[in-house]
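As structure tokens, the structure follows; a few thoughts come after it.
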Amino acid sequence: VQLQASGGGLVQAGGSLRLSCAASGSVVSNAVMGWYRQAPGKQRELVASVTSGGTENYADFVEDRFTISRHNLKNTVDLQMSSLKPEDTAVYFCRSWIRGQPYYNYWGQGTLVTVSS
């Protein structure tokens, strides 16, 4: 499985960005898809995830600013980010995984989001 992320860039505080991730290869339809981020000097953390059934999960720091969406037939997952803050600056990674199945755990290459103050 390959995950291709896109959509990062430079944006001013308060602005918006949309990240997209497309999965290809031997994709399992019931895998969870989500977005993580890693800021310089910090650990990678979950931002949001969505199951194939549409159940969404967000980190507390999202505070209703981001929306994750998934298109099962296209094997894509997007992250719409609004009201961005400088502390949202990080490399964002998409991930596809199946809980309890370590053999199915894939990461995209990461896309940089920089929020200027």
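The values are calculated or read from the model by the stated rules, or taken from the named source; none is laboratory data. On a predicted model such as this, the values are computed, not experimentally measured, just so you know. We place every Cβ from the backbone using ideal geometry, glycine too, and count neighbours over all the protein chains shown. The protein model used for the area step is the full one, side chains on, heavy atoms only, and it has no ligands, DNA or RNA in it. Shrake-Rupley method; radii C 1.70, N 1.55, O 1.52, S 1.80 Å.
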The range 105-117 - phi-based ³J(HN,Hα) in whole Hz, Karplus 6.51/-1.76/1.60, Gly and Pro as x: 7, 10, 10, x, 7, x, 9, 7, 10, 10, 10, 8, 8
Cut-off under 5 Å, modelled amide H: who pairs with Gly9 long-range: Val113, Thr114
Of all accessible heavy-atom area on the chain, the percent that carbon and sulfur account for (1.4 Å): 48
To the nearest Å, what is the center-to-center distance of the range 68-117 and the range 6-67, using C-alpha atoms only? 3
Given a 1.4 Å probe, the accessible area of the range 1-49 per residue, as a whole number of Å², is 51
Sequence-distant residues sharing a close amide H with Leu84 (under 5 Å, placed H): Gly14, Gly15
Binning at 10 angstrom from zero up to the longest distance, how are the C-alpha pair distances of the range 3-102 distributed in percent? 15, 51, 28, 6
Hey, if you put +1 on the Cβ of every Lys and Arg and -1 on every Asp and Glu Cβ in the chain, which of Ser6, Tyr58, Pro102 ends up farthest toward the positive end of that dipole? Pro102
Determine the dipole magnitude for the chain: charges of +1 sit on the beta-carbon of Lys and Arg, -1 on that of Asp and Glu, nothing else is charged, the reference point is the Cα centre, and the result goes in debye to the nearest 20. 280
What list of ³J(HN,Hα) values in whole Hz, one per residue of the range 7-23 in order, does the Karplus curve 6.51 cos²θ - 1.76 cosθ + 1.60 (θ = phi - 60°) give from phi, with Gly and Pro shown as x? x, x, x, 9, 9, 7, 3, x, x, 10, 8, 10, 9, 10, 9, 10, 9
With θ set to phi - 60°, apply the Karplus curve 6.51 cos²θ - 1.76 cosθ + 1.60 along the range 42-48 and write out the HN-Hα couplings as whole Hz, x wherever there is a Gly or Pro. 10, 7, 5, 9, 6, 9, 6
Return the single residue from Ser20, Ser96, Ser29 with maximal mean-square fluctuation; model: Gaussian network over the chain, springs between Cα atoms under 10 Å. Ser29
